[in-house]
Amino acid sequence: MTEPIIQTRHLSKLYGSGETVVRALHDVNLEVAPGEFLAVMGPSGCGKSTLLNMLGGLDQPSEGEVWVAGEDVAKLKDMDGFRARTVGFVFQLHNLLPTLTAQENVEVPMQGQKIGRGERHKRAVHLLELVGLGDRRGHLPSQLSGGQRQRVAIARSLANEPALILADEPTGALDSQSGEELLALLAQLNTSQGTTIVVVTHDRRVAQATGRILRMRDGQVVDDHRVDNPLEEDLRMLAHSQLGQALLGGNGQSSVGLLNGTEREVLRRLLTRFDDAPGEETPAEIGDLLEILGRDLR
Ligand SMILES: Nc1ncnc2c1ncn2[C@@H]1O[C@H](COP(=O)(O)OP(=O)(O)OP(=O)(O)O)[C@@H](O)[C@H]1O
Ligand SMILES: [Mg+2]
């Protein structure tokens, strides 16, 4: 197997101490191969951002190790260089510098690298064109829309052609069209440049556009699987939703009573689709859910 670009070993993170200690990550063991496109999902507070911050060297583990591109992140001597060259960050609160133009913002990470001024300009222009903002180069962040600022942030994260992009809910603040465009851009980078991408998201469509979905709960990874069959993905999403959890938690007999008429109808259609195209191997949790739903609905 190729060397993983990301590897965590028994990674844990505690915040605070004593009575108020929060275990944000607990024994996370993760491997990501170069070129993977991975979505991280899970309820608010389950540790997604904490994990991303650890991967990017923005925060230190309490226990365990994080290896990125062959380096132990806790022992990096040149953290700035690592952040500038190896990892590109895209956060929801795109922290662009307000007094710099879009183009200047994109150039920031290239400063301090061995890249001449002319080359810096050229690359920034190219990157802004790539994200569809060739005509907004001279605009300040305050003169751009939220989606456009987000795209500038992406262009900036690509400035040094990082092997890895870490994106924390990049589509969260966008309308659905800008969100889709941004996602298409990430997918394109992944396929055309082989960039490894880890994206934290609450959005089912974003997750399903990736190649692998990691689910977290209470600081732990509770599910990790490759995306292949879209129907199975829908069922997995259902199994992990609050509704699915409620159904799975009940005794099955009365749980469908939780549903209103429309929900029942949607589930009935889902079951019919499943009858038409059963997966090779249905994961246990989904099998349980189907059985409960099938018993009550058919
Ligand atoms: N600096 C901090 N100090 C104390 N506790 C923290 C700190 N940062 C995060 N936490 C706690 O760690 C847990 C994980 O937080 P994290 O931000 O990783 O969650 P998340 O999965 O990204 O949630 P969301 O979907 O709401 O962004 C939470 O319980 C949070 O309250
Ligand atoms: Mg978060």
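The values are calculated or read from the model by the stated rules, or taken from the named source; none is laboratory data. The shown structure was predicted, so the numbers you read here are calculated from the model rather than taken from an experiment. Heads up, the Cβs are rebuilt from the backbone with ideal geometry, glycines too, and the neighbour counts pull from every protein chain shown.
For beta carbons closer than 8 Å, sequence separation of 6+ or different chains, a first residue in the range 44-60 that is touching a residue at least 24 places away in the same chain (Cβ under 8 Å) and a second that is of a type in the set (D, E, K, R) and near ligand 2 (Cβ under 9 Å from one of its atoms), the qualifying pairs are 48/168; 49/168; 52/168. The lone criterion from (1) within 16 Å of ligand 1 (Cβ to nearest atom); (2) among the β-branched types (Val, Ile, Thr); (3) not assigned by TED's automatic domain parsing to the domain that holds residue 153 left unmet by residue 73 is number (1). Checking the range 174-189 against the condition returns no match, with no residue being under 24 Å from residue 68 (Cβ atoms) and either outside any helix (DSSP H, G or I) or not assigned by TED's automatic domain parsing to the domain that holds residue 51 (or both).
The set of residues in the range 124-170 being away from ligand 2 (no atom under 16 Å from the Cβ) and among the charged types (D, E, K, R) consists of 129, 135, 136, 137, 149, 151, 156, 161.
Against the criterion of being closer than 21 Å to residue 169 by Cα and assigned to a loop (DSSP other than H, G, I, E, B), residue 44 qualifies. Within the range 1-24, residues that are of a type in the set (Asp, Glu) sit with their Cβ atoms under 8 Å from residues that are surrounded by 10 or more Cβ atoms within 10 Å (Cβ to Cβ), at 6+ positions apart or across chains, in these pairs: 3/34; 3/70.
Filter the range 171-196 down to the residues that are modelled with pLDDT under 85 and of a type in the set (Ser, Thr, Tyr), then identify the one that is nearest to ligand 2 (Cβ to nearest atom). Top of the filtered list is 171.
Kindly establish whether residue 125 is β-branched (Val, Ile, Thr) and under 24 Å from residue 200 (Cα atoms). Please lay out each step first, then the result.
Numbers: β-branched (Val, Ile, Thr): yes; under 24 Å from residue 200 (Cα atoms): no.
Against the criterion (β-branched (Val, Ile, Thr) and under 24 Å from residue 200 (Cα atoms)), residue 125 does not qualify.
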